[in-house]
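Since the structure comes first, as structure tokens, the remarks are kept for the end.
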Amino acid sequence: MFKRFGRATTLFLWLVGAFVLAELVGRLVSDVFVLSIDNLVGRELSPLRWANGPLIYDDKLGWRLKPRGQHGGQGRPDGKLSIGALGLRGGPYEMRRIPREAILAVGETPTLGVNVDDSETWPAQLAALLQQPVLNGSTWSWGLDQIVLRAEELLPTLLPKTLLVALRPESVAETSYKTFGLGYKPYFNIVDGKLRLEGVPVPKMSARARDIGGPQSVLGYSHIINSLMRTGIGTWISTKTSGANWVDRARLLQRAHAADQSSEIACLLMERLAELRRRYGVRVVVILAYSEGELRTTQASEHVPPVLACAQARGFETLDSYHALTTILASDRARFRNLWQGEDDSYGPPTPEGNAFMAALVHKVLASAPFQARPLEPRVQAQ
């Protein structure tokens, strides 16, 4: 009996030793740090925690730009994404140099500017047109809820004379999510017809079972097991046992509400903006920007008319770039193509020319006579 027990123990130790050796060899021939004790699944589902870039975790907004830094590779050899004090793109590093009574633009990806230099974003080009400072308080992939919370955060400090709130159909839809793309985010529930902020302090994505799955929270530390579970056999095992891939990216797209309330939440967020206008005497312009795909898809724009109507009902000036962009799409495909990065049928974010087009549209609104509510333009889908 003792001999059998001793043999079993020896065999077990040999197997453990073989597994450890194979794990070390596998890490040596891969990009995994040999002595890393991180959960590898957790790393993939926690981009904010591991990314060595311009974004940082924020317990109020989910994520934001890391203040006082500079990052190259923005569309040209000398292109840069520089971040000043308060996380403003292209802003000065020192607080005392940030101008007050400027124009403040708050939005998400198209307003921040992707793969374009600091001087090529539409807020920067708007500043050149106006010969006035335009501060850019945007960040990648924010929902409208995060955009409004950011405006509420910046206004008491910057005291701008004009607030430009730039959003997309997707940023309206994001108000129905508690995680979106980069991790957890704040969200609102509607209680007795009013908004109640939930999910704050915003939790961090972690290696716990809640965030990455039960088996992954234990076995995700092994490079060998992670490699196996990404093969066809591993994918089959994972989908049969848990109904999802081993690295389940759907965990970064978790809904906050059982039913879609995004249109109602967006309208109530306009009331929060109205409160900012009353409190700080700021001019508010609500701007609708679009990706190339959103201009071609009717369903993607279904949230837009209610948001614009709610903004106008509160006396805000509005700019819907849909009509101007789809007119170019219908009449001049070459010019339309020039507004977007990418090649052939692959469309990316706006080019410097696309940002200049948006800057010109906003400039026209700001230079116009005092706003008067007007009916929304009919939305005809471009073919």
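The values are calculated or read from the model by the stated rules, or taken from the named source; none is laboratory data. What you are looking at is a predicted structure, and each value in this text was computed from that prediction instead of being measured. Glycine gets a Cβ as well: all are built from the backbone with ideal geometry, and neighbour counts include every protein chain shown. With ligands, DNA and RNA removed, areas are computed over all heavy atoms of the protein, side chains included. Shrake-Rupley method; radii C 1.70, N 1.55, O 1.52, S 1.80 Å.
Among the residues of the range 241-259, is any assigned to a helix (DSSP H, G or I), open to solvent by less than 30 Å² (accessible area, probe 1.4 Å) and polar (S, T, N, Q)?
no
Condition first: over 20 Å from Ala360 (Cβ atoms), open to solvent by 50 Å² or more (accessible area, probe 1.4 Å), without any contact (Cβ under 8 Å) to a residue 60 or more places away in the chain and more than 16 Å from the chain's Cα centre (by Cα). Can you find one or more residues in the range 53-68 that meet it?
Scanning the range 53-68, I find at least one residue that is over 20 Å from Ala360 (Cβ atoms), open to solvent by 50 Å² or more (accessible area, probe 1.4 Å), without any contact (Cβ under 8 Å) to a residue 60 or more places away in the chain and more than 16 Å from the chain's Cα centre (by Cα), so the answer is yes.
Considering each of Ser238, Ser222 in turn, give the residue that is out of contact with any helix residue (DSSP H, G or I) (no Cβ under 8 Å at 6 or more places or on another chain), buried (at least 17 other Cβ atoms within 10 Å of the Cβ) and over 19 Å from Lys178 (Cα atoms).
Ser238
Applying the selection to the range 152-192, what residues are open to solvent by less than 50 Å² (accessible area, probe 1.4 Å) and assigned to a loop (DSSP other than H, G, I, E, B)?
Once the filter is applied, which keeps residues that are open to solvent by less than 50 Å² (accessible area, probe 1.4 Å) and assigned to a loop (DSSP other than H, G, I, E, B), the range 152-192 yields Pro160, Arg168, Phe180, Gly181, Leu182, Gly183, Lys185, Pro186.
Hey, Val148 hits all of (1) open to solvent by less than 10 Å² (accessible area, probe 1.4 Å); (2) part of a loop (DSSP other than H, G, I, E, B); (3) not charged (D, E, K, R) but one; which does it fall short on?
For Val148, the failing item is (2).
How many residues are closer than 28 Å to Leu276 by Cβ, surrounded by fewer than 19 Cβ atoms within 10 Å (Cβ to Cβ) and free of Cβ contacts under 8 Å to residues at least 40 places away in the same chain if we restrict to the range 314-352?
1
From Leu268, Leu319, Leu276, which residue is in contact with a strand residue (DSSP E or B) (Cβ under 6 Å, 6 or more places away or on another chain) and closer than 28 Å to Arg196 by Cβ?
Testing whether each residue is in contact with a strand residue (DSSP E or B) (Cβ under 6 Å, 6 or more places away or on another chain) and closer than 28 Å to Arg196 by Cβ leaves just Leu268.
Answer yes or no: is there a residue in the range 87-98 that is under 20 Å from the mean Cα position of the chain (by Cα), open to solvent by 10 Å² or more (accessible area, probe 1.4 Å) and in contact (Cβ under 8 Å) with a residue 60 or more places away in the chain.
The answer is no; no qualifying residue exists.
I need a count of the residues in the range 5-52 that are of a type in the set (Val, Ile, Thr), out of contact with any Leu (no Cβ under 9 Å at 6 or more places or on another chain) and outside any helix (DSSP H, G or I).
2
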